[in-house]
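Asker: This structure is in C-alpha cells; I'll ask about it shortly.
The values are calculated or read from the model by the stated rules, or taken from the named source; none is laboratory data. A quick note: this is a predicted structure, and the numbers were derived from the prediction, not measured. All Cβ positions, even for glycine, are placed from backbone atoms using ideal geometry, and neighbour counts span all protein chains on display. Remember, those area values only see protein heavy atoms, side chains included, never the ligands or the DNA or RNA. Shrake-Rupley method; radii C 1.70, N 1.55, O 1.52, S 1.80 Å.
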Amino acid sequence: MNNGAKFNIGGRLYIGRYKADSGTMYVDGVGTEVVVHYGGFDDYGSIYLGRSGVDGTLELTNGASVKAGFVALGHTSGTSNNDIDAALNIYSGSTFYAEDQIYVGRGAHSSESTNNNGSINISGSGSSLETDDSIYIGHVDNGVVAFFRSDDTTYAGDISGSGDFLKAGGGTLTLTGNSTFGCTANIEAGTLT
C-alpha cells in the first residue's frame, strides 16, 4: 500500500497464517494508513504476524502509520514446534500504535517452547512505536525489540519479559514507562535512560 491509501479492516489482520506461504505487508508513504477495528471505530482489533508455522512481516516506511489493539509476533495456538519468524519494521518517520499489549515472541499458550521468533525494529529519524499498554518481550519464545535511532526519542510504554532489548544509533532513548527488564538490555551505541 502506498501514496496515501487507507485500509480499514474489521476484527483481525493476519500476516502469515496456517500452512500457507509467508506473508508480508508493506505500508509506504505519508498519509498511508492501516487501521484494524473491532466492533466500532473507537475499538481496535488484533494483528498477528506469523502464526501456526508461517512467517509474517509488516513493514512501515516513509511516514506510514498502523493502528491496532492487541499485537502478537510469532504466535501459535498449539504446542508443536512451528519455527515462526515474525517482524515488525518501523522505518523513516513511520508510526505503529497499539492500544493493547504487544507480545514479541509469543509462542504457544503453554509453557512448551515452539521456537517462534519475534522482532520489532524501530529505525530512522521520527519513527515511533506507541502503546497504551505494554510490550512483553519473549512471552514463551525468543523476542527482541531494537531501537536503531540516531536522534533523541522517548518510549512511554511499559517493557517487560525475558527476551532482548537493543539500543543502537547515536541518540538518547528515554524510557518513561515501567520497564522491568528480566531481559537483556544491550546498548551498542547512544544512551539509554
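Asker: When the residues of segment 167-182 are narrowed to those that are farther than 12 Å from ARG149 by Cα and surrounded by 13 or more Cβ atoms within 10 Å (Cβ to Cβ), which ends up modelled with the lowest pLDDT?
Answerer: Across segment 167-182, the extreme among qualifying residues is PHE181.
Asker: So GLU59 passes all but one of these: (1) within 21 Å of VAL145 (Cα to Cα); (2) outside any strand (DSSP E or B); (3) at pLDDT 85 or above. Which condition number does it fail?
Answerer: GLU59 satisfies every listed condition except (2).
Asker: Could I ask something else about it? GLU188 passes all but one of (1) out of contact with any Gly (no Cβ under 7 Å at 6 or more places or on another chain); (2) under 22 Å from THR95 (Cα atoms); (3) among the charged types (D, E, K, R); which number fails?
Answerer: (2)
Asker: Residues ASP141, ASP164: which one is open to solvent by 20 Å² or more (accessible area, probe 1.4 Å) and at pLDDT below 90?
Answerer: Criteria check complete, one pass: ASP164.
Asker: One residue is enough: does segment 149-157 have a residue meeting the conditions at pLDDT below 90, over 10 Å from the mean Cα position of the chain (by Cα) and among the hydroxyl-bearing types (Ser, Thr, Tyr)?
Answerer: no
Asker: Sticking with this one: Report yes if ASP133 is acidic (Asp, Glu) and under 19 Å from ILE47 (Cα atoms), otherwise no.
Answerer: yes
Asker: Something else: Every residue in segment 1-54 that is in a loop (DSSP other than H, G, I, E, B), modelled with pLDDT of 85 or more and open to solvent by 40 Å² or more (accessible area, probe 1.4 Å), please.
Answerer: Hit for segment 1-54 is VAL30, nothing else.
Asker: Let me ask something else. Which residues, taken from segment 144-161, are part of a loop (DSSP other than H, G, I, E, B) and buried (at least 17 other Cβ atoms within 10 Å of the Cβ)?
Answerer: ARG149, GLY157
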